[in-house]
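S.K.: Below: one structure in C-alpha cells.
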Amino acid sequence: MASLGNYTADRGHSTILRREKCDAYLLIHLETVLGEGFRTFLYFLGLAYCFIGLSAITARFFRSMESVVKHSRTVETIDPLTNTKIVKNEKVWNYTIADITLLAFGTSFPQISLATIDAIRNVGNLYAGGLGPGTLVGSAAFDLFPIHAVCVVVPKAGELKKISDIGVWLVELFWSFWAYIWLYIILEVWTPNVVTLWESLLTVLQFGLLLIHAYAQDKRWPYLSLPIERDERPVEWVPVEVVKYSPLNKVHDRHSEASQVGEEENSGIVDIFSIHSGEGTGHFYQNLADGDITESSTSNSGNIIPEESDIVSIWKHQFVDALTLESAESRKLNNIYLRVARIFWQSLLLPWKFLFAFVPPYQIAHGWIAFICSLMFISGIAYIVTKLTDLISCVTGINPYVIAFTALASGTSWPDLVASKIAAERQLTADSAIANITCSNSVNIYIGIGVPWLIDTLYNYIAYREPLRIDNAEGLSFSLLVFFSTSVACIGVLVFRRLTIGAELGGPRVWAWVTCIFFMLLWLIFVVLSSLRVSGII
C-alpha cells in the first residue's frame, strides 16, 4: 500500500480543506483513477461499515465480560463460636474494578488501538501523529454527551435508575476531569508543544492511581475514601433474566436448536446448553447456569457431565445463526416491507456475524477466551478504520483533526455507546452505565494517549535524545478547554436530576428527552468550536 504520510501539509498551516493530489490507495492502485467524489463516497461507506462491525462485536464482547464478572469462587471459613465450617461463594471481581478495567478499557479499545497504531507508524518522527490524540479527545466528548443522552432515555417511561455508590462515582469523575487538566498542563504549562519521556510515563502511571483510589473508595478505606455511604447495591452485577424455555421433554431438530440459541444470543439472553439425556434417541434440552461449561455441569446439576461435542455444538450454533437471514420472529411479521428490510439488514451484517462466529463461546473459561478474542477483532477493525481515515483526509483534504473529532471519534466510541446502553437497560442501577462513560474518558488519556506517547518519546529519547513534539498543540489545548467547560454543564444537569427527580437516568419522558437534547447540543458546540480552532479559522 502506498504511503499515507506524503500528503501531510506543512506544519503550522491548518485549514479545513486542502486540495492536493492523493496517490494513496487502500486495496488496488486503480482506486486513484476514480473521481475524488466517488472515492470519498466509497471510503466513507467503508468507514460506516467498519463502525457497524464494531457495534456487532461489542454485543459479543459485553456478553463475555458479563461472564467474566459473574465468576465466583468457593470460600470456606470456620465459625469461631460454633466451630462449624461455613461455605459461601464470593465474586472474584470487584464491581468497581470491573467497571474501570474490563468495561471501560474494553469499550475504549478501538480508540486505544487506533492511537497505538498511529504512534507506531510515527516511530522515528519528531512529531506525534494527530489521529490518536484528536480521536481520543473527540471520543471523550462523544462519551460524555451523546452516550449520556442515549442512556437518559433508555429506561422505560417513569423508571428511575440512579447511581448507588456516589462516592465511587465522584472518585471516577475526579480522575476523569484531572486527566484532561493534566493533558492541558503537559501541552501548555510545563513544556509547551512538547511531551517528554517523564510526562508520558507519569500519564500512564496515573491509571494505576485511579484503580487504587477507586478500590479504596469502594472498600471505604480510612483516610483514602470519602465518608459517603452507598445505597443498597444488587448482589449480581447483571440481574438474572427470566427466559422462556421449551419443555424438557420436547424434541427439537437441529435447525430449531440453532435458531433458538441464535435468537437468544442476539437478544442478550443466556444460551441453552444441549444435553444428551440418554433416554430415547432425540435431543432434550435443559437450562444450565450461565457460567463456565465445566462448573455448570458439576454444581447443582447432579452427575450430568457435558461432552466435548456439546461445546462444539454451541460453537456450531454461532455459525448457523450468522448464516440465518430470517429468524422465527421476523417470519411472524405481516408487513412484507418490514420483513424485506430486516432480511436486507441481516444480509448486511452477515459477513461480520460470520467473522465474529469464530470467537469461542463465552461459556468457556468463564468468558476470558471470548473476551480476548473480541478485543483482537476490535483492534483489527480499528486498524482498517485508521487506513480509511487517512485516505479520506488525503482525498478530500479535510484536516485530519477535524475527521478525528467527528467521524472517527463517533465511530470508535460506538462500543462505548452500545455497552452503556446495554448496562442502562439490563442493570438495576446506573453505576456501570455512567461509570463506563467517566472511566472511559480516564482510560482514553492515561492509556490511550499515555501509552502511544510513551512509545514515541522512549524511541526519540534513545535514538535522538529529543522529546516528542505535538503538531497543532494549541488547537488540541483549545479543545480541552471547550470540553472542560461543556462537561461542567453536563455534570451539573446530572446533579440537578439527582436532586429533583431522584435519579440520573430515566424519569418522566418529557424531561428525559429535554436532557437528551441538551446533551446533544453540548456535543455540537464542542465539535464545531474544536473543528474551527484546529483549522485555524478562529
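The values are calculated or read from the model by the stated rules, or taken from the named source; none is laboratory data. Remember, it's a predicted structure, so these values are computed and weren't measured experimentally. Note that we place each Cβ from the backbone using ideal geometry, even for glycine, and neighbour counts take in every protein chain shown. All accessible areas refer to the heavy atoms of the entire protein, side chains included, with ligands and DNA or RNA removed. Shrake-Rupley method; radii C 1.70, N 1.55, O 1.52, S 1.80 Å.
S.K.: Using the structure shown, select from Lys70/Lys316; Lys316/Lys421; Lys162/Lys219; Lys91/Lys421; Lys91/Lys353 the pairs with a Cα to Cα distance greater than 22 angstrom. Present the calculation step by step, with values, prior to reporting the outcome.
M.R.: Working: Lys70/Lys316 24 Å; Lys316/Lys421 29 Å; Lys162/Lys219 20 Å; Lys91/Lys421 24 Å; Lys91/Lys353 32 Å.
Over 22 Å Cα-Cα: Lys70/Lys316; Lys316/Lys421; Lys91/Lys421; Lys91/Lys353.
S.K.: Turning to a different aspect of this structure: For a bin width of 5 Å, list the pair-distance distribution of segment 330-431 built from all Cα-Cα distances, rounded to whole %.
M.R.: 2, 10, 11, 14, 17, 17, 15, 9, 4, 1
S.K.: Quick one: net charge around Leu480, please, counting Lys, Arg +1 and Asp, Glu -1 for every other residue with C-beta under 12 Å from its C-beta.
M.R.: Details: positive: Arg533; negative: Glu188, Glu474.
The answer is -1.
S.K.: Give, as a single signed number, the net charge of other residues whose beta carbon lies under 14 Å from the beta carbon of Lys88, with Lys and Arg counted +1 and Asp and Glu -1.
M.R.: Numbers: positive: Arg73, Lys85, Lys91; negative: Glu76, Asp79, Glu90.
Its environment carries a net charge of 0.
S.K.: While we're looking at this one, here's another question. Give, rounded to the nearest 20 debye, the magnitude of the charge dipole that segment 415-538 has about its Cα centre when Lys and Arg contribute +1 at Cβ and Asp and Glu contribute -1 at Cβ. Walk me through the intermediate numbers first.
M.R.: Values: 8 positive and 8 negative charges, 64 e Å.
That gives a dipole near 300 debye.
S.K.: What size of dipole, in debye to the nearest 20, comes out for segment 30-107 about its Cα centre when the only charges are +1 on Lys and Arg C-beta atoms and -1 on Asp and Glu C-beta atoms?
M.R.: With only Lys, Arg, Asp and Glu charged at Cβ, the dipole is about 260 debye.
S.K.: Okay, moving on. So for segment 411-503, considering every pair of alpha-carbon atoms, how many percent are separated by more than 15 Å?
M.R.: 75 percent
S.K.: How large a share of the accessible area of segment 78-127, in percent, is made up of carbon and sulfur atoms when the probe is 1.4 Å and the other protein chains stay in place?
M.R.: Result for segment 78-127: 60 percent of the exposed heavy-atom area is carbon or sulfur.
S.K.: Hull surface divided by four, with the convex hull built on the Cα atoms of segment 96-155: how many nm²?
M.R.: 5.1 nm²
S.K.: Okay, next question. Just in segment 156-226: which chymotrypsin sites (Phe, Trp or Tyr not before Pro) are loop by DSSP and have at most 11 other Cβ atoms within 10 Å?
M.R.: Filter output for segment 156-226: Tyr223.
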